[in-house]
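To start, the structure itself, in structure tokens.
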Amino acid sequence: MTPDADQPLTTAPPAALRDWLLALGLSLGISLLIVAPFFWLGSASGHDFEFHATSWLDVAGQWKQGILFPRWTQWANHGFGEPRFLFYPPLSWMLAPVLSFFMPWDYVPVAFIVLVQTFAGLCAFIFARRLLPRGAALFAAACYAANPNALLMIYFRSDYAELLASAFFPLLFLAALRLAGILETRAPRRPAANLVFFSATFAAVWLSNAPAAVMASYSVTLLFSWAALTSKSWQPLVRAAAGLSWGFGLAAFYIVPAAFEQRWVNISQALSTGLLPSENFLYTVISDPEHTFFNYIASTIAVALIVFTGAGALAARREDPPPTAPAHPKIWSAFLLLATVATVLMLRFTSILWNILPKLRFVQFPWRWMSILTIPFLYFLAATVARRRFRWLCIAATVALLASTGVYLVQHTWWDDEDFSTLRAAVDSGDGFDGTDEYDPIGDDHYNLPQKSARGRLFFPFTEDADARTLQPPTNAKVSIDRWTPEEIIMHAQSTQPVFLAMRLLNYPAWQIEVNGARVRAQHQEDSGQMIVPIPAGKSRITVRFARTPDRTLGATLSILNFLLGGFLLVRSRWTARRDSL
């Protein structure tokens, strides 16, 4: 690396601050340019917009009821609910509702994109500044804030969670390079700090988006394995085991319940028709024209990234550089390997790997590996800009790529300025919104649930093959609701004979039901999963609470212990460094 590349380690604070402000201003400006069409076209209503928007609305509503960390999505399945928040990582669905306290809901997607892409640009600046000169690092910040894959997620996919996860990628791979020993700096070695830095960013990716986290897990494991192989040492693998384990531990409050409770939902629906890897390799054609159209768009962007990454790698490596040059051979080789693997996994002949590698099939879309490919893309192009010979050609070609991608996506996506108004009206009216197939509790088919249903209805008689939606209530029987929140329900029922109570709620093992203080086991409609509670004759008090299951307790405990351990190691590392300097 050149002396200029290490400038943040030795430069005066005013110069370092100026660089940070330049990177911040550049990233913010590009992020505002990205969302400019939102102000006159409405929201980009991509594939996942409704899923994320409804999650944000539901969380904001629960916060107003005092539920700080929601687990049950109240208004999914038109008010019957689903355990979405147990399985979907929390960072994105907690960040957006915070923004809603400062602006109208219609502007929350805009603010989310600006915030995340500005952060992404700063992360790219940190990443590149440790490897390359100042000018190249600023170029990297601008390039990553508007990289083609991010534009695809913003305009066509509306995948806000994956957008957030990809913002952490520059930090994650910088941390992996340091921990694996591929990147060495002039600063004194602090193994504990490197380990904590890697584990924290790895946990942040897992808490943002699960498919992105699976790809990140395989990618950093590849880098550590390559470092061990080239150095002929087991040390990188030992560090990898420690860093990955610690990262999983920090995110255990989400990972443990999500993994354990998959047996309680129809998680296999995440791989239904249209979502299978075999249907989403580059330029795959299926019977759905809209699916094929989008796949061609994603595939073309992926190919453009592959071509630019390859050209950047050749340009950065055109002359055999000394160990201090911008394209350091070890780093260049590591990112070339990463780019090659990411590219290959988008091609159909790797389908066997998608079937045998653990959890890889849940990434669903092979073109999703563009998120990983953008890191070598970023490094090689920035390294090329650091060389005088190809600098302006690289800048011009990259600007043309980003601009043409953005213009095309803006012109061909779906714009809607009433999405949030419609969804908010559905929640305010109590109608709710559609559920998610893979989060349906076992035994539920949410398509059989009525869109409008009373919160509690008494029926008599009741048999297993009866339909609670059509049975008539017994005479002289009544039910009243004292409290109904997403995690606690208190009702009273009165009947002269034993009856059954059909609730506007899906049956799920975490629900704890008591009738007159005695624990009872709920039944459910066979075709819909609607909760059915047996009620004795007379007056009854029914309480239904979303209990803390042992897996949730275990996950939270592991996260707290790993967090405390990380804090202890950081303090100990600082104390040791201070003692040694005396």
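Highest-first packing order for the peptide set 341-350, 562-571 is 341-350, 562-571, based on the mean count of other beta carbon atoms within 10 Å. Couplings for the range 95-112, taken from phi via the Karplus curve 6.51 cos²θ - 1.76 cosθ + 1.60 with θ = phi - 60°, read 5, 4, x, 4, 4, 5, 6, 10, 7, x, 4, 4, 9, 4, x, 5, 5, 4 Hz in order; Gly and Pro are left as x.
Over all other residues within a Cβ to Cβ distance under 15 Å of HIS412, the charged ones net out to -1, with Lys and Arg as +1 and Asp and Glu as -1.
Charges were assigned to the Cβ only: +1 to each Lys and Arg, -1 to each Asp and Glu. The resulting dipole of the chain about its Cα centre is roughly 2660 debye. Annotation: amide H-H contacts under 5 Å for HIS524 (H modelled 1.01 Å from N, sequence separation of 5 or more, or interchain): ILE532. Residue exposure proxy: VAL385, VAL427, VAL238, VAL59, ordered by other Cβ atoms within 10 angstrom of their Cβ from fewest to most, comes out as VAL238, VAL427, VAL59, VAL385. Amide H contacts of ARG504: GLY456, each under 5 Å away and 5 or more positions distant or on a separate chain (H built 1.01 Å from N in the peptide plane; Pro and chain starts excluded). Under 28 Å of direct C-alpha separation, and excluding same-chain neighbours fewer than eight residues apart, LYS232 reaches these lysines: LYS330. Near the amide H of TRP415, within less than 5 Å, lie the amide hydrogens of SER45, all on another chain or at least 5 residues away, with H placed in the peptide plane.
Whole angstrom only: what separates the Cα centroid of the range 32-52 from the Cα centroid of the range 151-167? Cα centres, the range 32-52 to the range 151-167: 11 Å. Binning the C-alpha pair distances of the chain at 10 Å intervals from 0 yields a P(r) profile of 3, 16, 25, 24, 16, 9, 5, 2, 0, 0 %, listed from the shortest bin outward.
With θ taken as phi - 60° and the Karplus curve 6.51 cos²θ - 1.76 cosθ + 1.60 applied, the whole-hertz 3J(HN,Hα) list for the range 284-295 is 6, 10, 10, 6, 8, x, 5, 4, 5, 4, 5, 4 Hz, x standing for glycine and proline. Ordering 131-142, 62-73, 87-98, 509-520 by mean Cβ neighbour count within 10 Å, with the highest value first, yields 131-142, 87-98, 62-73, 509-520.
Taken along the Cα-to-beta-carbon direction at a fixed 7 Å, the label points for ARG18 and VAL407 span 3.5 nm. Backbone geometry of the range 240-256 corresponds, through the Karplus equation with coefficients 6.51, -1.76 and 1.60 at θ = phi - 60°, to 3J(HN,Hα) couplings of 4, 4, 5, x, 5, 4, 5, x, 4, x, 5, 8, 5, 4, 9, 5, 5 Hz, x marking Gly and Pro.
Between the helical axis of 134-145 and the dominant principal axis of the chain, each derived from Cα atoms, what acute angle in degrees is found, rounded to the nearest 10? The angle comes out at about 30 degrees.
Sorting LEU558, LEU32, LEU505 from the fewest to the most surrounding beta carbons within 10 angstrom yields LEU32, LEU558, LEU505. Look at where the Cα atoms of the range 362-392 and of the range 221-274 average out, and the two centres are 24 Å apart. With a simple spin-label model that places each label point 7 Å from the Cα along the Cα-to-Cβ direction, the separation between SER233 and ILE490 comes to 6.3 nm. When only Cα pairs below 8 angstrom with a gap of at least 6 residues are kept, the range 3-420 shows a relative contact order of 22 percent.
Rounded to the nearest 500, the helix-only mean residue ellipticity at 222 nm of the chain stands at -17500 deg cm²/dmol, with each DSSP H run of n ≥ 4 adding -39,500 (n - 2.57).
Every number here is computed from the coordinates shown, using simple stated rules; none is lab data. What you see is a predicted model; the values in this text were computed from it and never measured. Cβ sites come from the backbone with ideal geometry, for glycine too, and all protein chains shown count toward neighbours.
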